[in-house]
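The block underneath contains the structure these notes are about, expressed in structure tokens.
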Amino acid sequence: MDCIWHLFGTSTRNDHLCEAVKKGDLEKVRILLAHGANINCTDHKTNFGQSPLILASYGGHLKVVKELLAHRPRIDQADRRMNRTSLYWASVHGTLEIVNELLAHGANANTIDWVRQDCTIDDTIEEASSAMHFDLHVGLNGRAPLRVAASSGHTEIVKELLDHGASVEPVDKVQPAPENSFYGYLEIINELLAHGVPLDVGGKNGYTPLHAASLRGQLGALRLLLNAGADPSLKNEHGDTARDCGDDEVKTFFDNYPNIDENILETKAMTERKQASKLPPRFYFPI
């Protein structure tokens, strides 16, 4: 076996390493690393430029991740196209064990990706109506591990990221917030509130978390936010309050708050959770 690998150049070994990582082939990964493959190389088969650690984290290959971490890779190395790190992808896919490994080895919870420039009208509507402005920041306007974990409903990962210093402060007032964080994920909202997430910061077009929850008709989220002190009198750039943005059910909620029928809230929460389970994945990664 030693003789075989010495026949290949470094670039070829690197390519084989990336392929082995994608397949979760731990033994082959070990052999290639032992014979000079670069732990920080990038996959040349796509134009994304993913490192082995990114590929392993994306694929959910825990044993491979542990092996790579033992060789001290650049843990916050991001891909070339979207600036997404290993921790980002583990947070997207909900692989708690990998998130824990990365954080234990010093992964930065406050890195963010780049904003997409190919947004559709639907994307614009969704982001304008999204809520909870806890955009992790390093000076760019994009998504971060906490944001994608919350919008994907990964409660335990949200807790881990918060415990490892993930910021809940907003970047700026034009930054859109997590897309799906109000689809029945009330436990996540409670976690964010417990860590001091700003309640009345307006995002794109002046929409606060209350506006977003109203637009989505999410009564449980509305109650949590109001109970935490969110201001229902704030207006977006169109002069609308959160109540103005909602349907008749939402308007009735505001008119009767805080005297809300618990059965109505529970029925609504069940509907929201069903909606969340049917959502298509928002993150794609061709590998």
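Quick note: the coordinates plus some simple rules give every number you see, no bench work behind them. Bear in mind the structure is a predicted one, so any value in this text is a computation, not a measurement. In this analysis, Cβ positions are derived from the backbone assuming ideal geometry, glycine residues included, and neighbour counts consider all displayed protein chains.
Reducing the stretch 12-39 and the stretch 85-105 to their Cα centroids gives an inter-centroid distance of 21 Å.
Peptides 252-260, 209-217, 238-246 ordered by packing proxy, namely the average of other Cβ atoms within 10 Å per residue, highest first: 209-217, 238-246, 252-260.
So for the stretch 2-104, considering every pair of alpha-carbon atoms, how many percent are separated by more than 16 Å? Before the final figure, lay out each step's value.
Values: 2664 of 5253 pairs.
For the stretch 2-104, the fraction of Cα-Cα distances above 16 Å is 51 percent.
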